[in-house]
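For reference, the structure discussed in these notes is given below.
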Amino acid sequence: MTGPHDGRLPGHGRARRTAGGRGPGPADRRERTGLGSPLDREAPGPLAGCCRGHRTRRRDEHGSALIEVVWLGVLLLLPMLWIVLSVFEVQRGAFSVEAAARSAARAYALAGEDALGRSRAEAAARQALADQGLEDAPLDIRVSCTTTPACHSGTSVITVVVGTQVDLPLLPDVLGAGKPSFALDATHTVPIGRFQEVAAP
């Protein structure tokens, strides 16, 4: 026989215990209620949006930094390119003016007289500059000798100074004063007896 009825239906007695004699733990209750550790779940609504916005800002900042680096590289590259081109142009002008001074001194010494020597020296210098692509460059020639005014005497030493200007590349006229240029000059000295025979007195 069964004991006296205690007012409880079968199956509605005390909660069943789990293995080990313990009832359901906190983890089981969280599973049933749908709750969990805040670290295991993504932050709700506004907090999640804040995190997503933070990641977006970081990507935007990374892209902005890359653009700034590119612009900085361009700004540094252009002056360096101009410096390199200017050095090449000035070096070409230096070679040209040295060749012009040598040619002018030789032409002056071979002319035989001072008036003819000057015109030949100018023509020779102009040709030397044209060979280097500086046919339009300004030209200045100064001649001096040790036996002035007769520079073609047997013991004379002739000194020819040739001057010119080289325009710097990629620079426009400055306030109508012309392109910026770099002044160059070269000196060549030659004894008059080196290129001609002089009769003994």
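The values are calculated or read from the model by the stated rules, or taken from the named source; none is laboratory data. The structure displayed is predicted, hence computed values, not measured ones. So basically every Cβ, Gly included, is an ideal-geometry build from the backbone, and we count neighbours across all protein chains shown.
Farther than 30 Å from residue 150 by Cα, without any contact (Cβ under 8 Å) to a residue 60 or more places away in the chain and either surrounded by fewer than 17 Cβ atoms within 10 Å (Cβ to Cβ) or of a type in the set (Asp, Glu) (or both) - does that describe any residue in the stretch 96-114?
No - not one qualifying residue is present in the stretch 96-114.
Can you name every residue in the stretch 44-100 that is among the hydroxyl-bearing types (Ser, Thr, Tyr) and at pLDDT 85 or above?
Selection gives 86, 96.
Keeping to the stretch 75-124, report how many residues are within 19 Å of the chain's Cα centre (by Cα) and of a type in the set (Gly, Ala, Ser).
Selection size over the stretch 75-124: 1.
Name the residue, out of 78, 110, that is part of a helix (DSSP H, G or I) and within 29 Å of residue 157 (Cα to Cα).
110
In the stretch 135-184, what count of residues is obtained for those that are surrounded by 15 or more Cβ atoms within 10 Å (Cβ to Cβ), part of a loop (DSSP other than H, G, I, E, B) and at pLDDT 90 or above?
The number of residues fulfilling the criteria is 2.
Check residue 73 against each of (1) touching a Pro at 6+ places or on another chain (Cβ under 8 Å); (2) over 27 Å from residue 153 (Cβ atoms); (3) not hydrophobic (A, V, I, L, M, F, W, C) and name the one condition it does not meet.
If we test residue 73 against (1) touching a Pro at 6+ places or on another chain (Cβ under 8 Å); (2) over 27 Å from residue 153 (Cβ atoms); (3) not hydrophobic (A, V, I, L, M, F, W, C), just (1) comes out false.
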